[in-house]
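Asks: Please find one structure pasted underneath; my questions will follow.
Derivation of every value follows stated rules applied to the coordinates shown; laboratory data play no part. These numbers come from a predicted model, not from an experiment. Cβ placement follows ideal geometry from the backbone for every residue including glycine, while neighbour counts extend to all protein chains displayed.
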Amino acid sequence: MPPSIVVTDIRKWYGETHAVDGVSFEVEAGEFFGILGPNGAGKTTTLEIIEGLRKADAGRVSLLGLSPWPRNPRLLPRIGVQLQASSFFERLTAREQIRTFAALYGVPPAKADEMLEVVALEDKADTRTEKLSGGQVQRLSIACALVHGPEVVFLDEPTAALDPQARRNLWDLLRDINAQGRTVVLTTHYMDEAELLCDRVAIMDAGKILQLGPPASLVRGLEAPTRIGIETGLLSIEEAKQVFPDADVEDDGVSLTMSTRNPAVVLSTLADRNALRGLSVRGATLEDVFLTLTGREYRA
Amino acid sequence: MKGFLTLARAMFLGWRRDRAALFFTLLFPLIFLLIFGSLFKSGNAPKAKVILIGAVPMIEQAPAAVQDRINDVLKITKVDDLDSALAKVKNGDDAAAIEQRGNQLVVHFSRSDATASGAVFAAVNSIVEGANLAATGQPARFQVDAQQVEDKSLKPIQFMTPGILGYAIALGATFGAAATLVTWRQKKILRRLTLSPVRVQSVITARVVVAMGIALIQMALFLAVALTPYFGLKLSRYWWMAIPLILSATLAFLSIGLLAGAKAKSMEAASAIANLITIPMAFLSGSFFPIENTPGWIQALAKVFPLRHLNVGMLDVMVRGKGPLSVLPQIGILLGFTVVLSAIAARLFRWDDV
């Protein structure tokens, strides 16, 4: 199967600012692809160029084998887009919104109502969108992007400004969408989200892709130490240093933490000594990847 | 076609549920009509108040025909005491006090209300001249017969209905276009629509058709109220030619609104700009009172506004009884406004706020 999206060296300038500065990548059909980066990294502009909302100043985009610019009406029914702002008509209820979007694509109202059920909004069908909660708005917005059964779905920061519970609910929904065989392209500034959802992640900063790959291999590529923690008091600092000469050992009075590149040895030794109470094992995260790549802390 | 109908429906529902929009496009202008219509219902100049001091046989014993004419213009009360009568004239309660000294009528008046005292002089003079003529015993040789040029039923409501309706349509279409543009830009609805297969022309047509529908609703509501026996509007024969006129004016006002919306960054700014345009335009275009007696430069300035041409056209076909083709120049001018203003608005159009 040919890739859904091929982006070749796209660039976009606003005056002196290089919003997108030579970005290239491919997205396979059925892949869950993430573009990760802090605000202002150029994620949204990149997405808008691929969708066909903006014209790139340089470079080429192929979306489902076609060029998204200039506006291509044959391509549009095959893609679904959720923009950052919740683009709803004013003072319509949830049901009227999705039926309106459905009608624009020639999809019957019954199908629209079904979609409302998929995103668990059937009991909010008669509520005006102005009165929905943040999570409900995002679910409706995604439903409107999906109502015509697109092959590729673009989601621009769908979980921004949501509470943790609403984010988790939305993750389940996004996984389901991808499981149906649709290609999903998602931008986010949440590292954990990208790590959990995406098959592959492009880490962007200042208009460039710093690194691209499956989250796990990006993290593994760091060869960063694993942090193993146990309850304070099971082992003194001196004892720990003696037993694990390769590890950095700290004790903050709550946990004794050992940073090691050899976690298997540490864990089995701790198990032998029956000193596993309060055990926590933390590997490096995408945050560490970002830190290593840019030399600065990640701030969403 | 499908896209157009869908969008038009969504926009119309949005308008119908917007209480502020309903108030400003329907109720607010209607309140103007109710107030002005009730205030100037009779259409006659107010009567001047006159006090008769003691016995004034020249007025009290005038022939019945003369009495009737006097009662048309003067409201007469009687007192016996000169001082209290003069005090009332002085403080403006009454226009004049009249006493009879032998064969002489003495009129005490105040300069403060020239119109009212003028009316009193005219009435008193005609009484005296009538009495002089009668004293000669000759029949009157010359006569005056005052005839109003309009139909005798022509009341202020005839002029007020088209004027205030014109204001309502200007307000509705200008606000509507400006608000739609600003909120759609803020909410990126336009961007979202360009990513659906709906054609850009369908989006524009839907907005225009909804605005025209709203203007026709305004017209229907205004006519329904003004045609009630209480207000007693009488439409002339080709009143329906006001419909194409109103539709072309709606286009012109929409383009003004697009211009306001192109520059404004927030809803508040958009409505302030729209108000800043529509209110002076309404006054200068004669929506609330006729501008025929204003200085020439105001009348020249008024021609700059599409509303002036709408008002003139509506008066011509709705109440002055002109023929159906008499509004064609106005329709042409309004469409010309639309072309020019939309072209400017298109140049200023921005997709995003940044």
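Asks: What translational diffusion coefficient, to the nearest whole µm²/s, does the stretch A:133-280 have by Stokes-Einstein, given a Kirkwood radius computed over alpha-carbon pairs, a temperature of 25 °C and 0.890 mPa s viscosity?
Replies: Numbers: Rh = 18.6 Å.
Translational D for this selection: 132 µm²/s.
Asks: Something else about it: I need the P(r) histogram for the stretch B:6-76: all alpha carbon pairs, bin width 10 Å from 0 out to the longest distance, whole percents.
Replies: Once binned at 10 Å, the Cα pair distances of the stretch B:6-76 give 15, 24, 15, 13, 12, 11, 8, 3.
Asks: Can you compute the helix-only [θ] at 222 nm over chain B? Use -39500 (n - 2.57) per DSSP H run of at least 4 residues, normalise by all residues, nearest 500 deg cm²/dmol.
Replies: On the way: 15 runs with 218 residues, N = 354.
Per the formula, -20000 deg cm²/dmol.
Asks: Here's something else I'd like to know. Can you give the FRET efficiency for A:Ala206 and A:Ala110, using 1/(1 + (r/R0)^6), R0 = 56 Å, r = Cβ-Cβ distance, to the nearest 0.05? Let's see the in-between values first.
Replies: Values: r = 47 Å, r/R0 = 0.84.
With R0 = 56 Å, the Cβ-Cβ based efficiency is 0.75.
Asks: I've got another one for you. Just to confirm my numbers, what's the Cα centroid distance between the stretch A:92-112 and the stretch B:149-226 in Å?
Replies: With the stretch A:92-112 and the stretch B:149-226 each reduced to a Cα centre, they are spaced 26 Å.
Asks: Please work out the FRET efficiency for the pair A:Ala29 and A:Arg60, using the Cβ-Cβ distance as r and a Förster radius of 25 Å; give the result to the nearest 0.05. Mind showing how you got there, number by number?
Replies: Numbers: r = 19 Å, r/R0 = 0.76.
Rounded to the nearest 0.05, the efficiency is 0.85.
Asks: Given q = 0.24 Å⁻¹, what are the Debye log10 I(q)/I(0) values for the stretch B:48-136, with equal point scatterers placed on the Cα positions and solvent ignored?
Replies: Taking Cα atoms of the stretch B:48-136 as identical point scatterers yields -1.28.
Asks: In addition: Consider just the alpha-carbon atoms of chain B and return their Rg together with their Dmax, both in angstrom.
Replies: Looking at chain B, its Cα Rg and Dmax stand at 28.0, 95 Å.
Asks: Taking only C-alpha pairs under 8 Å that are 6+ residues apart, what is the relative contact order of the stretch A:91-221 in percent? Show your work: numbers first, answer last.
Replies: Details: 148 pairs, mean separation 24.0, N = 131.
Reported relative contact order: 18 percent.
Asks: Roughly what would the spin-label model give for B:Ala343 and B:Ala272, points 7 Å off Cα along C-beta, in nm?
Replies: 3.1 nm
Asks: Taking the Cα atoms only, what angle lies between the long axis of helix B:114-136 and the longest principal axis of chain B, rounded to 10 degrees?
Replies: Rounded to the nearest ten degrees, it is 40.
Asks: Can you give the direction-averaged projected area of the convex hull of the alpha-carbon atoms in the protein assembly as shown, in nm²? Numbers along the way, then the final one.
Replies: Values: hull surface 187.7 nm².
Mean shadow area of the hull around the Cα atoms is 46.9 nm².
Asks: Right, here's the next one. Hey, could you get me the Stokes-Einstein D for the stretch A:161-243, Kirkwood radius over alpha-carbon pairs, 10 °C and 1.306 mPa s, rounded to whole µm² s⁻¹?
Replies: On the way: Rh = 16.1 Å.
Value of D from the Cα-based Kirkwood radius: 99 µm²/s.
Asks: Also, I was wondering about something else. What's the whole-number percent of alpha carbon pairs in the stretch A:247-300 lying beyond 16 angstrom?
Replies: Numbers: 796 of 1431 pairs.
Tail fraction, whole percent: 56.
Asks: Provide, as a two-decimal number, the C-alpha radius of gyration of the stretch A:47-173 over 2.2 N^0.38 Å, N being how many residues it has.
Replies: Numbers: Rg = 15.1 Å, N = 127, 2.2 N^0.38 = 13.9 Å.
That ratio works out to 1.09.
Asks: In what sequence do A:Tyr105, A:Tyr14, A:Tyr190 fall when counting other Cβ within 10 Å, fewest first?
Replies: Going from sparsest to densest Cβ surroundings: A:Tyr14, A:Tyr190, A:Tyr105.
Asks: Using a Förster distance of 35 angstrom, determine the FRET efficiency expected from the C-beta separation of B:Gln186 and A:Val265, and round it to 0.05. Please report the intermediate quantities before stating the final value.
Replies: Details: r = 58 Å, r/R0 = 1.67.
Given R0 = 35 Å and the Cβ-Cβ separation, E is 0.05.
Asks: Which three extents, in whole angstrom, do the alpha-carbon atoms of the stretch A:5-217 cover along their principal axes, largest first?
Replies: So the extents along the principal axes, rounded to whole Å, are 46, 37, 33.
Asks: Going 7 Å from the Cα of B:Phe28 in the Cα-to-Cβ direction, what parts of the stretch B:237-271 have a backbone nitrogen less than 12 Å from that spot?
Replies: B:271
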